[in-house]
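The structure appears right after this line, and notes come after that.
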Amino acid sequence: MNATTPPTTTAPALLARLLRQGLHVVATSGDTLQVWPANALDDDTRAAIAWHKAELIALLTGTHGPTLEAADDERSRCCDCYHLQAKGNCAMAWRGLLHDAPRWFTPVKDVLWRCHLFCGWPQ
């Protein structure tokens, strides 16, 4: 596939596949899409992400967050996590504990994620 050839998958199917593979997919401000670790992406996947960029951002920033085939999962929102700082960045990423995330990682706080470092607020 190249930049002018449409991919054979849809944006929701692509997002579900990326998430199942354990990749982090984040829509940030300014219509930017981040996917990491980058070394896990092959050329065809990169091209599919580029092709569906706008749709992926819409899926990630929508009211329902990213959708997976299984609705019964352990996703949570960063806004419910103790590690989300007042400036909007993740304290665990800053400490280098969030696998493959850049230190300046600022998640979309209302999107559902799977994060092994999630820490809910004390009751």
Cβ-Cβ cut-off under 13 Å around A11, Lys and Arg +1, Asp and Glu -1: the net charge is +1
Percent of all alpha-carbon pairs of the range 74-123 at distances over 14 Å, whole number, is 44
Taking the dipole of the range 74-123 about the Cα centre (Lys, Arg +1; Asp, Glu -1; charges at Cβ), the one of A86, V108, S76 that reaches farthest to the positive side is A86
The FRET efficiency for D80 and A13, from their Cβ-Cβ distance with R0 = 35 Å and rounded to 0.05, is 0.80
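No value in this document is a laboratory result; all are computed from the given coordinates. Since we're looking at a predicted model, the values are computed, not measured. Note: ideal-geometry Cβ built from the backbone for every residue, glycine included; neighbour counts use all protein chains shown.
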